[in-house]
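Worksheet for the structure shown next.
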Amino acid sequence: MNRPFNKWLYSLLFLLFLFSFFNMLYYGKKTFHVESKTVDTKKYQYHFVLIPEEVDNDYWRLVEKGARSAALKNDVYLEYLGPKQANNDEHLRTIDQAIASQVDGIMTQGVTDPAFIPLINKAVQKGIPVVTVDTDAPDSDRNVYVGTNNYYAGFLAGQAFIQDTKGEQYVGIVTGRLHASHQKLRVQGFKDAIKHDKRIHIVDIKESNITKTGAVQATYDLIKEHPHITAFYGTSALDGLGIVEVVENRKQDYYIIAFDTLPATLKYINKGKIDATVVQYPIRMGENAIEALIKLINGEKVDPLQFTETKIFRKEDFLNLNTKLEGAWR
Amino acid sequence: MTSIRSKLIFYFFTFILLFHVVSISIYISTQHFMKQYQEGFDRFLLLNDISQTSFKLYEKVNGYVVEKNETFFNEFHQTKQGLISKKEALEKVHPWIEKEELNKYLNMIETFILECEMTMGFVIRGDIEQYTNHLQEAKNIAYYIQETTLSLIDIELTDYQSFNVEMEERKKAFKSFMIYLFSTTVLLAVFFALWFSYGINKPIQVLFQAAKEVSAGKLDGDDVIISSNDELKHLGQAFNNMRQNIRKLIEEIKKKSELDRLLKELELKHLQNQINPHFLFNTLNTISRMAYLENANVTSRLIESVSSLLRHSLRDIKKSTTLREEVNVVKEYFYIQKTRFADRISFQVHIEKHCLDTKIPSLTIQPLVENAFIHGVEGKEEGGIIRLSIYETKEHVVVEVYDNGVGMSEVQVQALLKEENDFSAHTGHSTGIGIQNVIRRLKLFYQTEDVVQIFSSPNEGTTIYLLLPKEGNT
């Protein structure tokens with residue numbers, strides 16, 4: 001027998017044995033190890049629902065983000081529920097469900113619908129505090145409104161418009177919804193701001209249905225019907241983008257003022273396609289809404305109108321982008 | 001001591017343990033997953049049941065509103081109890097989703113029951129406006145319950161998907177596990193087999209080699225050393241003992257056969273001399289009597305001595321005799337030699353009588369005396385002395401044969417004692433037996449090397465001591 005050869009063979013066999021043994025242990029653990037599933041048993045103090053106009057909306061996601069961070073601090077179980085796409089019936093039903101399931105507080109966007117006000121009143125009647133976020137329903141019994149002062153935001157836009165333009169201006173307004181109160185306020189604020197400036201004329205208002213294609217259609221219609229238009233004002237987030245898409249390929253240089261700071265909007269501002277935009281701070285809205293609800297439950301006195309900041313953002317503001325847009329929609 | 005049996009038992013238990021661990025693991029995990037599956041399925045059924053019961057309850061309320069029938073009222077209460085008990089059952093179920101989500105669902109059911117009751121109450125009161133409101137509310141909530149149920153079932157199904165994925169992964173892991181379990185056990189078995197067979201084979205090889213040596217006649221090999229701590233070790237020890245015993249036995253046999261050979265040699269010499277001696281013996285007796293009748297007394301006595309010397313030398317050499325007889329022979333011999341040499345040599349005898357019963361091989365002392373005569377004093381012109389003394393010491397009966405003849409060098413003495421000379425070539429002895437033959441026989445008879453001591457130096461004479469062990473002392 002060859003001794004060194006045997007030695008090699010034995011050590012090889014032994015290594016092979018160790019290899020299979022440890023693999024056996026590893027796969028054995030993988031196969032048989034049973035973890036008792038632990039559902040998060042964290043105790044929450046309150047159960048709130050946040051009901052946006054549209055669930056998968058970047059703007060509302062920011063509101064949710066703010067609300068979530070505040071919820072985490074305050075032991076609140078937060079549910080973010082609502083229609084997949086803007087739909088009043090579904091929105092109302094979600095609120096009604098929340099009422100039926102006796103949550104501790106409701107945060108919702110105000111909806112222009114005859115059934116909305118009775119529903120909010122019902123909730124308040126049943127002792128569920130309601131906070132309207134972003135869009136108010138001032139005629140209802142809602143406890144608090146948290147959000148942009150839409151009238152003021154429109155007014156800021158108007159002032160910026162006056163500041164930025166010279167000569168006769170014919171403005172076409174693209175608005176999300178003609179009958180949505182916050183949109184109406186934005187338009188109203190704008191109108192009031194330019195009221196005394198004789199060189200600025202509003203030629204028409206068209207509805208975009210808060211979609212980009214709607215905005216494109218509205219812009220197209222405006223230009224077609226009023227070829228002498230020189231400027232556009234978009235009152236909801238996607239309106240500005242829709243306007244740019246139509247106007248981009250035309251020779252004429254239009255003045256465009258938009259709403260909100262979507263990444264695409266910021267890009268267009270940087271390129272000079274959009275001249276200015278109104279900045280809102282949805283994260284703060286979420287935070288403030290949660291805090292307002294907790295105060296309401298604790299019986300503290302709360303200011304029924306809690307406005308978050310609004311600012312105008314122009315190309316030159318990119319220099320101090322971070323300070324200007326902190327907490328804003330990015 | 002670990003026996004081969006306990007090794008085997010250990011070997012089997014290792015495998016049995018391994019397989020049992022595996023099967024128990026399989027049992028436990030299967031049990032766990034079956035339970036999880038069953039729980040999930042039960043929840044499905046419960047949720048579905050709640051949703052259906054809610055609608056049934058609504059139907060009862062609606063029926064009562066439309067028909068205001070007592071049976072509907074009773075059925076309403078029954079269904080309501082059913083719903084409440086199901087709700088309680090759901091509360092007790094192991095939480096699988098956020099508690100808040102479940103609470104929401106439970107609250108919804110609660111609100112639903114409340115609305116239904118309110119409707120019933122207002123119907124009884126006849127308040128149409130209120131009961132239609134609440135009925136509508138109840139209907140809405142029934143739908144919400146259905147929706148929520150569906151979404152809960154959806155969550156459950158999503159869980160199932162991940163459960164399924166997990167099971168799939170486990171299945172794959174199980175396959176790998178089986179492969180590695182297989183190779184591990186095979187290798188383990190190989191190791192056990194190698195270890196086991198090596199443990200048996202090596203000692204057997206060693207034993208086999210040793211046995212081969214023994215059968216080839218080589219008995220003085222090294223002891224077999226077996227390191228394994230089992231029966232084979234004992235086998236090796238037993239083998240070593242056996243070999244040692246055989247070695248001893250063979251040595252004893254060798255000694256015995258040598259004694260036999262010496263005796264046979266003497267016998268042969270006797271036989272050679274037997275024809276003449278018997279005739280001679282008879283003739284000598286006749287001559288002795290004739291000499292006596294003719295009044296030649298000295299001659300008669302001399303012939304008698306020769307005759308008795310001859311008779312003694314014809315004795316059976318194998319038989320031992322007593323010191324007395326040996327001494328008598330020596331005396332006869334002395335008588336003959338005195339007659340022959342007259343005053344040239346003096347023969348002296350000092351004997352302690354009580355020592356004479358000591359047993360001794362026959363034909364021992366006379367050859368020594370004759371040897372002293374032939375090699376010591378025969379050549380002396382006068383003053384030669386040969387002395388035989390027998391006396392007792394603490395342990396021995398000492399036979400001392402002294403002569404004052406030519407003596408020997410130390411080398412010669414040693415040669416005598418070591419039996420280096422060819423002792424058969426002695427001539428001139430009356431019995432034909434040389435000193436070395438005597439020494440050998442004495443050694444073999446008493447089984448000791450120290451039976452003979454010789455002190456001698458040239459021209460100073462020689463003393464031979466026979467140290468015969470006292471009887472009972474050997």
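The values are calculated or read from the model by the stated rules, or taken from the named source; none is laboratory data. Source: prediction; values computed, not measured. Glycine gets a Cβ as well: all are built from the backbone with ideal geometry, and neighbour counts include every protein chain shown. For accessibility, only protein heavy atoms count, side chains too; no ligands or nucleic acids. Shrake-Rupley method; radii C 1.70, N 1.55, O 1.52, S 1.80 Å.
Within the stretch A:54-101, can you find the residues that are among the basic types (Lys, Arg) and more than 17 Å from the chain's Cα centre (by Cα)? Don't jump to the end; show me each part of the working.
Keep residues of the stretch A:54-101 that are among the basic types (Lys, Arg), which gives A:61, A:65, A:68, A:73, A:84, A:93.
Within the stretch A:54-101, A:LYS73, A:ARG93 meet the criteria.
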*For residues that are more than 12 Å from every other protein chain (Cβ to nearest Cβ) and in contact (Cβ under 8 Å) with a residue 60 or more places away in the chain, scanning just the stretch B:153-164, find the one that is nearest to B:GLN52 (Cα to Cα).*
B:ILE153
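Got a sec? Which of B:LEU235, B:LEU207, B:LEU188 is assigned to a helix (DSSP H, G or I), of a type in the set (A, V, I, L, M) and in contact with a Gly (Cβ under 9 Å, 6 or more places away or on another chain)? Walk me through how you get there before you give the answer.
Values: B:LEU235 fails: in contact with a Gly (Cβ under 9 Å, 6 or more places away or on another chain); B:LEU188 fails: in contact with a Gly (Cβ under 9 Å, 6 or more places away or on another chain).
Only one candidate passes the filter, namely B:LEU207.
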*Tell me which residues, restricted to the stretch A:103-115, are in a loop (DSSP other than H, G, I, E, B) and either open to solvent by less than 10 Å² (accessible area, probe 1.4 Å) or in contact with a His (Cβ under 9 Å, 6 or more places away or on another chain) (or both).*
A:VAL103, A:ASP104, A:GLN109, A:GLY110, A:VAL111, A:THR112, A:ASP113
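Would you mind finding the one in B:ILE97, B:ILE141 that is assigned to a helix (DSSP H, G or I), under 19 Å from A:SER101 (Cα atoms) and in contact (Cβ under 8 Å) with a residue 12 or more places away in the chain? Walk me through how you get there before you give the answer.
Details: B:ILE97 fails: assigned to a helix (DSSP H, G or I).
It is B:ILE141.
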*Name the residue, out of B:PHE182, B:PHE196, B:PHE208, that is away from chain A (no Cβ under 13 Å) and free of Cβ contacts under 8 Å to residues at least 40 places away in the same chain.*
B:PHE208
*Which numbered condition A:GLN97 fails, given (1) surrounded by 14 or more Cβ atoms within 10 Å (Cβ to Cβ); (2) more than 8 Å from every other protein chain (Cβ to nearest Cβ); (3) assigned to a helix (DSSP H, G or I); (4) not basic (Lys, Arg)*: (2)
*Can you work out which of the residues in the stretch A:116-139 that are open to solvent by less than 10 Å² (accessible area, probe 1.4 Å) and not hydrophobic (A, V, I, L, M, F, W, C) is farthest from the chain's Cα centre (by Cα)?*
A:THR132
*Could we say that B:GLU39 is in contact (Cβ under 8 Å) with a residue 24 or more places away in the chain and either within 14 Å of another protein chain (Cβ to nearest Cβ) or not in a helix (DSSP H, G or I) (or both) here?*
yes
_Could you check the stretch A:58-94 and list, in sequence order, the residues that are open to solvent by less than 30 Å² (accessible area, probe 1.4 Å), assigned to a helix (DSSP H, G or I) and either in contact with a Leu (Cβ under 9 Å, 6 or more places away or on another chain) or at pLDDT 90 or above (or both)?_
A:TYR59, A:TRP60, A:VAL63, A:GLU64, A:GLY66, A:ALA67, A:ALA70, A:ALA71, A:HIS91, A:LEU92, A:THR94
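Any residue in the stretch B:78-101 that is of a type in the set (Gly, Ala, Ser) and either within 14 Å of chain A (Cβ to nearest Cβ) or crowded, with 20+ Cβ neighbours inside 10 Å (or both)?
Narrowing the stretch B:78-101 to residues of a type in the set (Gly, Ala, Ser): B:82, B:85, B:89.
Filter once more, keeping what is either within 14 Å of chain A (Cβ to nearest Cβ) or crowded, with 20+ Cβ neighbours inside 10 Å (or both): none.
For the stretch B:78-101, residues of a type in the set (Gly, Ala, Ser) and either within 14 Å of chain A (Cβ to nearest Cβ) or crowded, with 20+ Cβ neighbours inside 10 Å (or both): absent.
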*Scan the stretch A:157-189 residue by residue and report those that are among the charged types (D, E, K, R) and under 23 Å from A:GLU225 (Cβ atoms).*
A:GLU168, A:ARG177, A:LYS184, A:ARG186
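Does the stretch B:117-126 include one or more residues that are within 14 Å of chain A (Cβ to nearest Cβ) and assigned to a helix (DSSP H, G or I)? Spell out the reasoning first.
Here is the first cut: in the stretch B:117-126, the ones within 14 Å of chain A (Cβ to nearest Cβ) are B:118.
Now drop any that are not assigned to a helix (DSSP H, G or I), which leaves B:118.
Yes: the stretch B:117-126 contains one or more residues that are within 14 Å of chain A (Cβ to nearest Cβ) and assigned to a helix (DSSP H, G or I).
Taking the residues in the stretch B:356-389 that are assigned to a helix (DSSP H, G or I) and farther than 25 Å from B:LEU416 by Cβ as candidates, determine which candidate is most open to solvent (accessible area, probe 1.4 Å). Break it down stepwise before answering.
Within the stretch B:356-389, the subset assigned to a helix (DSSP H, G or I) is B:356-357, B:365-377.
Then drop every residue that is not farther than 25 Å from B:LEU416 by Cβ, which leaves B:356-357.
Working: B:LEU356: 15, B:ASP357: 94 Å².
Selected residue: B:ASP357.
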*Pull up the stretch B:58-72, narrow it to residues that are open to solvent by 50 Å² or more (accessible area, probe 1.4 Å) and touching a residue at least 40 places away in the same chain (Cβ under 8 Å), then point me to the one that is farthest from the other protein chains (Cβ to nearest Cβ).*
B:LYS68
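On the basis of being more than 28 Å from A:GLN125 (Cβ to Cβ), touching a helix residue (DSSP H, G or I) at 6+ places or on another chain (Cβ under 9 Å) and either open to solvent by less than 70 Å² (accessible area, probe 1.4 Å) or in a loop (DSSP other than H, G, I, E, B) (or both), does A:GLY154 make the cut? Steps first, answer last, please.
Numbers: more than 28 Å from A:GLN125 (Cβ to Cβ): yes; touching a helix residue (DSSP H, G or I) at 6+ places or on another chain (Cβ under 9 Å): yes; either open to solvent by less than 70 Å² (accessible area, probe 1.4 Å) or in a loop (DSSP other than H, G, I, E, B) (or both): yes.
Considered against the rule, which asks whether it is more than 28 Å from A:GLN125 (Cβ to Cβ), touching a helix residue (DSSP H, G or I) at 6+ places or on another chain (Cβ under 9 Å) and either open to solvent by less than 70 Å² (accessible area, probe 1.4 Å) or in a loop (DSSP other than H, G, I, E, B) (or both), A:GLY154 comes out as yes.
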*With respect to the numbered conditions (1) in contact with a His (Cβ under 9 Å, 6 or more places away or on another chain); (2) part of a strand (DSSP E or B), which one is the sole condition not fulfilled by A:THR132?*
(1)
*asked:* Could you tell me how many of the residues in the stretch A:233-255 are touching a strand residue (DSSP E or B) at 6+ places or on another chain (Cβ under 8 Å) and crowded, with 24+ Cβ neighbours inside 10 Å?
replied: 10
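What number of residues within the stretch B:1-56 are of a type in the set (D, E, K, R) and either touching an Asp or Glu at 6+ places or on another chain (Cβ under 7 Å) or closer than 30 Å to B:LEU232 by Cα (or both)? Give the steps one after another, and end with the answer.
Within the stretch B:1-56, the subset of a type in the set (D, E, K, R) is B:5, B:7, B:35, B:39, B:42-43, B:49, B:56.
From what's left, either touching an Asp or Glu at 6+ places or on another chain (Cβ under 7 Å) or closer than 30 Å to B:LEU232 by Cα (or both): B:5, B:7, B:43.
Looking only at that region, the number is 3.
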*Taking B:ARG170 and the conditions (1) surrounded by 12 or more Cβ atoms within 10 Å (Cβ to Cβ); (2) among the basic types (Lys, Arg); (3) away from chain A (no Cβ under 14 Å), which numbered condition does it fall short on, given that it satisfies the others?*
(3)
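Is one or more of the residues making up the stretch A:182-194 open to solvent by 20 Å² or more (accessible area, probe 1.4 Å) and within 26 Å of A:GLU64 (Cα to Cα)? Talk me through it step by step, then tell me what you get.
Within the stretch A:182-194, the subset open to solvent by 20 Å² or more (accessible area, probe 1.4 Å) is A:184-185, A:188, A:191-192.
Among the residues that remain, those that are also within 26 Å of A:GLU64 (Cα to Cα) are: A:184-185.
Yes - at least one qualifying residue is present in the stretch A:182-194.
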*Return yes or no: is B:TYR143 within 11 Å of chain A (Cβ to nearest Cβ) and surrounded by 19 or more Cβ atoms within 10 Å (Cβ to Cβ)?*
no
*Of (1) at the interface with chain B (Cβ under 8 Å from one of its Cβ atoms); (2) farther than 30 Å from A:GLY286 by Cβ; (3) open to solvent by 30 Å² or more (accessible area, probe 1.4 Å), A:THR31 satisfies all except one. Which?*
(3)
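So, of the residues in the stretch A:102-115 that are within 13 Å of another protein chain (Cβ to nearest Cβ) and small (Gly, Ala, Ser), which turns out to be farthest from the chain's Cα centre (by Cα)?
Keep residues of the stretch A:102-115 that are within 13 Å of another protein chain (Cβ to nearest Cβ), which gives A:102-106, A:115.
Subsequent filtering for residues that are small (Gly, Ala, Ser) retains A:105, A:115.
Working: A:GLY105: 20, A:ALA115: 24 Å.
Taking the candidates together, the pick is A:ALA115.
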